[in-house]
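Take a look at the structure set out below.
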Amino acid sequence: MIRWHCQEATPWPLLLTFPFLMLRFVFSASLALGALAPVAVEAVSSCGYASHYGRGDGFAWRIMANGQPMNPDALTTASRDLPLGTKIVVTNPANGKSVRVTVTDRGPFVHGRLLDLSYGAFGHVAKTSQGIAKLCFSLA
């Protein structure tokens, strides 16, 4: 217990807030150093099969994992591993086209697929009639 010079004037609010301030300082310092990162991103770049969603499959304007409605024409993607809000550049090695997208949803839930691009984003890098394409991505 901390003893003060004048016992009747003990500043209890100060005593109660000191541990809170210390925890807040330690927590914010840990975040600044990256010790408490929400999700660790192991690969900086990767290649694999990607598909599109949002047009003709019932997902248009549904609420995504980030809480926003799914706009099929927006430049967004779904990823199982990347944190929400991550910006990535998706490139089609077959034609050299690329697009910068934001991870806003979770998926794809089909074995062997790396990303689920929105209909609009997929159209920037490949023909939407293909359905799936081999694409590569890297962090933007």
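The values are calculated or read from the model by the stated rules, or taken from the named source; none is laboratory data. Note that the structure is predicted; figures quoted are calculated from it, not measured. Every residue, glycine among them, receives a Cβ derived from its backbone with ideal geometry; neighbour counts consider all protein chains shown.
Take the residues in the range 53-80 that are aliphatic (A, V, I, L, M) and in a loop (DSSP other than H, G, I, E, B); name whichever of them is surrounded by the fewest Cβ atoms within 10 Å (Cβ to Cβ). Quick ask: steps written out before the conclusion?
Let us first name the residues in the range 53-80 that are aliphatic (A, V, I, L, M), namely 60, 63-65, 70, 74-75, 78.
Okay, now just the ones that are also in a loop (DSSP other than H, G, I, E, B), so 60, 64-65, 70, 74-75.
Working: Ala60: 16, Met64: 21, Ala65: 14, Met70: 21, Ala74: 17, Leu75: 18.
So, considering only residues that are aliphatic (A, V, I, L, M) and in a loop (DSSP other than H, G, I, E, B), the one surrounded by the fewest Cβ atoms within 10 Å (Cβ to Cβ) is Ala65.
Of all residues in the range 112-131 being in contact with a His (Cβ under 8 Å, 6 or more places away or on another chain) and not in a helix (DSSP H, G or I), which is surrounded by the fewest Cβ atoms within 10 Å (Cβ to Cβ)?
If we take residues in the range 112-131 being in contact with a His (Cβ under 8 Å, 6 or more places away or on another chain) and not in a helix (DSSP H, G or I), then Gly131 is surrounded by the fewest Cβ atoms within 10 Å (Cβ to Cβ).
Looking only at residues in the range 96-111 that are assigned to a loop (DSSP other than H, G, I, E, B) and not β-branched (Val, Ile, Thr), which one is nearest to Thr86 (Cα to Cα)? Write out each step before concluding.
Restricting attention to the range 96-111, the residues satisfying the condition of being assigned to a loop (DSSP other than H, G, I, E, B) are 96-97, 106-111.
From what is left, the residues that are not β-branched (Val, Ile, Thr) are 96-97, 106-109, 111.
Numbers: Gly96: 22, Lys97: 20, Arg106: 12, Gly107: 14, Pro108: 16, Phe109: 19, His111: 22 Å.
This residue is Arg106.
Regarding Val99, is this residue modelled with pLDDT of 95 or more and either exposed (fewer than 10 other Cβ atoms within 10 Å of the Cβ) or over 15 Å from the mean Cα position of the chain (by Cα) (or both)?
The answer is yes for Val99.
Please tell me if Thr86 is out of contact with any helix residue (DSSP H, G or I) (no Cβ under 9 Å at 6 or more places or on another chain), assigned by TED's automatic domain parsing to the domain that holds Tyr49 and either of a type outside the set (Phe, Trp, Tyr) or within 16 Å of Tyr53 (Cα to Cα) (or both). Reasoning before the result, please.
Details: out of contact with any helix residue (DSSP H, G or I) (no Cβ under 9 Å at 6 or more places or on another chain): yes; assigned by TED's automatic domain parsing to the domain that holds Tyr49: yes; either of a type outside the set (Phe, Trp, Tyr) or within 16 Å of Tyr53 (Cα to Cα) (or both): yes.
Spelling it out, Thr86 is indeed out of contact with any helix residue (DSSP H, G or I) (no Cβ under 9 Å at 6 or more places or on another chain), assigned by TED's automatic domain parsing to the domain that holds Tyr49 and either of a type outside the set (Phe, Trp, Tyr) or within 16 Å of Tyr53 (Cα to Cα) (or both).
Would you check if Arg62 is assigned by TED's automatic domain parsing to the domain that holds Gly112, farther than 18 Å from His111 by Cβ and modelled with pLDDT under 95?
The answer is no for Arg62.
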